[in-house]
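The values are calculated or read from the model by the stated rules, or taken from the named source; none is laboratory data. Bear in mind that the values here come from a model prediction, so they are computed numbers and not experimental data. Ideal geometry is used to build each Cβ from the backbone, glycine not excepted, and the neighbour counts take in all protein chains shown.
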Amino acid sequence: MTIARLALMTAAVLLCAGVSSALTVTRAGKPVAAIAIPLQPTATEHFAADELQSYLQQITGATVVIGPEQQIADSPRLLVGATQAGRALAPIEGDEPEAFVVRAVGDDLVLRGASDRGTLYAVYDFLERDLGCRWLGPGETWEHVPEQPTIELSAIDRTERPVMRYRYLRMTIPAESDPWYAATLSWAVKQRINIGSGWPQTELPDSFARRGGFRAWMAPHVINKALDPARYFDEHPEYYALRGGQRPVADRGGFQQVCTTNPEVVSAVAHALDEMFAARPEVDFMGLGQGDGTAFCECDECTALDTGELWPHPSREYPVITERWLSFCNEVARKLQVMRPGKSIYTLAYHQTFRPPDPETFRIEPNVIVQVVNSRPNYVCFVHRFEAQDCPHHARFREGIEQWVSMAPGGVMVYEYTPHSTFCAMPYPAPWKFVDDIAYLGRIGVVGYEGQSVPKLWGTYGINYYAIAKATWDPTIDADALVQDYCDHAFGPASQPMQAFMRTVDEALVAADHITDGVWTWMTPEAMAEARGHLDAAHAAAAGADAKVQERLRTWEVSFRYGEIGSEAWRTAQQGIAQSDPALLAKAIALVDEAVAYIDAQNNIEPHYAAAPGKLVKVHRTRWVRALAQMREQ
């Protein structure tokens with residue numbers, strides 16, 4: 001169900017006294033109902049009940065008690081988890097573990113899932129869609145909790161299942177001691193992100209365990225986790241890629257490639273994955289992505305599997321290695337099918353492996369999931385939608401992914417950049433683009449989505465993360481309604497100018513020149529000036545608003561002001577390089593330093609998580625300094 005229908009669902013909650021209803025939860029700030037849990041609840045059921053109790057207290061002022069269902073018989077009940085009554089009143093059909101039911105029956109409200117994770121989703125779904133809570137971003141600043149002392153519910157009856165099975169943003173990092181990572185984890189689970197970040201943990205942190213764990217763990221380049229050079233290289237250097245006649249491992253924790261045709265490598269990797277499945281038996285799949293970069297094995301056995309086709313990178317051409325890499329993954333998958341029936345691996349169609357194999361001659365094992373990356377420089381345009389008909393990069397991307405979907409029985413996931421390092425944290429609120437992209441992916445049968453994201457980069461990116469989370473659960477979601485709902489709850493009296501701000505950016509993205517190096521082409525002086533006008537209007541409209549609205553607008557202001565300076569630096573540098581004008585290039589470098597100084601000053605006032613200045617320095621400043629030095633030498 002889409003956010004467009006949230007108002008209708010909220011209308012079903014009659015938050016006023018004196019209206020007949022099926023179930024009264026609280027009246028005038030006093031509890032009427034009780035929260036019932038199973039006699040022997042799981043950690044997640046306990047946590048779900050605690051979350052429900054906490055938010056009901058914030059909404060109504062009432063403390064609704066929690067107890068075993070057998071001890072709660074004389075009051076209306078909120079049945080959380082696999083209670084006996086809940087199972088009888090709201091059976092869940094099918095084998096989707098994240099399905100859940102929210103159903104009012106007489107004096108009972110059933111909140112249960114087909115799994116612990118589903119139960120937690122049911123509680124958050126009820127709080128959001130029926131009681132009006134919103135979790136627009138991590139932490140209390142981005143949380144909207146209405147105040148209403150009386151809650152009386154009319155008919156509620158819905159069963160939810162995800163359309164995309166796997167939904168991932170990099171917000172689920174096991175770093176409980178860091179308050180921001182704890183906040184992003186909490187936000188991600190409320191938004192039904194169901195993948196853990198990184199290589200699987202042998203022991204789940206408590207914050208993960210009580211949230212029901214994850215369906216899988218994802219990190220793109222994990223071959224060195226499965227075949228750790230620190231463990232194997234000294235005795236088995238032949239496991240690793242032959243390069244220039246040697247098998248070097250300059251950095252044993254880095255992205256060293258392996259010799260994929262060595263049968264001992266296949267066995268060692270399969271056994272390493274088997275060990276991780278033993279430690280984390282609840283997950284659906286493990287990662288088996290190649291290392292990043294281009295330093296693949298040059299031994300005769302590996303190169304014999306290549307077709308001779310070349311991948312055109314701007315620096316030079318590299319061999320396409322799809323057949324050799326997938327042959328390796330197939331070999332590992334066949335061993336795993338014996339050791340761990342029903343479990344899968346996922347690997348990357350990325351750079352040298354983006355081009356699909358010939359479906360007439362190559363078969364992908366059914367327990368291999370392929371994650372297709374809209375990767376630079378050939379298959380991505382950072383400003384346009386996947387279905388933009390005039391975008392040559394995305395035409396190639398669509399051709400590739402649709403072929404992958406047609407020939408990968410284990411399913412296809414997509415990796416989309418939301419941001420990429422070349423963005424340099426420039427402003428990029430693009431909810432319409434991501435909703436459209438995910439809708440396309442859902443229509444063609446993609447089973448999972450990963451947005452490359454940064455837990456400590458929000459600012460204008462937060463609306464993208466929010467939209468992605470909603471759309472991957474339901475790709476038919478209405479983007480206009482989502483943006484309006486987000487702005488209404490985030491910015492209150494400034495909702496209209498903030499919607500206009502985002503629409504201005506979206507129109508600029510549609511009109512922008514194709515670009516595979518950042519998002520610079522949308523940030524024309526005209527578009528930036530129009531967006532600035534809307535943002536200034538938002539500040540004026542929110543002059544008397546509460547502190548949360550002010551802080552949310554500050555985050556967007558910091559992000560956008562950084563972009564105003566940074567985009568001027570980029571345009572000035574391009575002009576200086578084109579004209580071989582050292583004065584312009586020196587001005588561009590000074591503007592970079594100004595942008596970084598601005599971000600640092602704002603962070604010293606209060607952390608904002610709106611931009612990453614190091615990226616702008618790393619990606620462009622060094623390049624421009626080098627170009628300036630060359631000009632002066634000439």
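Quick notes
- Every residue from region 181-237 that is over 21 Å from Val123 (Cβ atoms), in contact (Cβ under 8 Å) with a residue 40 or more places away in the chain and hydroxyl-bearing (Ser, Thr, Tyr): Tyr181, Thr202
- Cβ separations smaller than 7 Å between residues 6+ apart or across chains give the following pairs from region 261-277 residues that are closer than 12 Å to Arg340 by Cβ to residues that are at pLDDT 95 or above and not aliphatic (A, V, I, L, M): Ala270/Lys335; Asp274/Arg340; Phe277/Arg340; Phe277/Lys343.
- Residues in region 592-623 that are buried (at least 19 other Cβ atoms within 10 Å of the Cβ) and either modelled with pLDDT of 85 or more or of a type in the set (Gly, Ala, Ser) (or both): Val592, Ala595, Val596, Ile599, Gln602, His608, Tyr609, Ala610, Ala611, Ala612.
- Residue in region 464-485 that is within 26 Å of Val412 (Cα to Cα), free of Cβ contacts under 8 Å to residues at least 60 places away in the same chain and either buried (at least 24 other Cβ atoms within 10 Å of the Cβ) or among the basic types (Lys, Arg) (or both) present: yes
- Checked against (1) under 19 Å from Gly137 (Cα atoms); (2) β-branched (Val, Ile, Thr); (3) assigned to a loop (DSSP other than H, G, I, E, B), Ile463 meets all criteria but (3).
- Extreme residue, surrounded by the most Cβ atoms within 10 Å (Cβ to Cβ), among residues of region 365-408 that are assigned to a helix (DSSP H, G or I) and β-branched (Val, Ile, Thr): Ile401
- Residue count for region 536-546, restricted to those that are under 15 Å from His489 (Cβ atoms) and at pLDDT below 95: 2
- Every listed requirement among (1) part of a loop (DSSP other than H, G, I, E, B); (2) at pLDDT 95 or above is met by His271 save one, (1).
- All helices (runs of 4 or more DSSP H) inside region 536-634 with 2 or more residues being in contact with a Ser or Thr (Cβ under 8 Å, 6 or more places away or on another chain): 547-579, 582-605
- Region 444-460, residues that are surrounded by fewer than 21 Cβ atoms within 10 Å (Cβ to Cβ) and either among the acidic types (Asp, Glu) or in a strand (DSSP E or B) (or both): Gln452
- Subset of region 122-155 that is at pLDDT below 95 and among the hydrophobic types (A, V, I, L, M, F, W, C) - its residue that is surrounded by the fewest Cβ atoms within 10 Å (Cβ to Cβ): Ala155
- Top-ranked residue of region 156-193 - restricted to ones that are touching a helix residue (DSSP H, G or I) at 6+ places or on another chain (Cβ under 6 Å) and not aliphatic (A, V, I, L, M), ranked as surrounded by the fewest Cβ atoms within 10 Å (Cβ to Cβ): Glu176
- Across region 536-556, the qualifying residues are those that are touching a Leu at 6+ places or on another chain (Cβ under 9 Å) and surrounded by fewer than 20 Cβ atoms within 10 Å (Cβ to Cβ), and the one among them that is nearest to Lys456 (Cα to Cα) is His539.
- Residue count for region 277-321 under the criterion of being crowded, with 22+ Cβ neighbours inside 10 Å, of a type outside the set (Phe, Trp, Tyr) and within 26 Å of the chain's Cα centre (by Cα): the result is 5.
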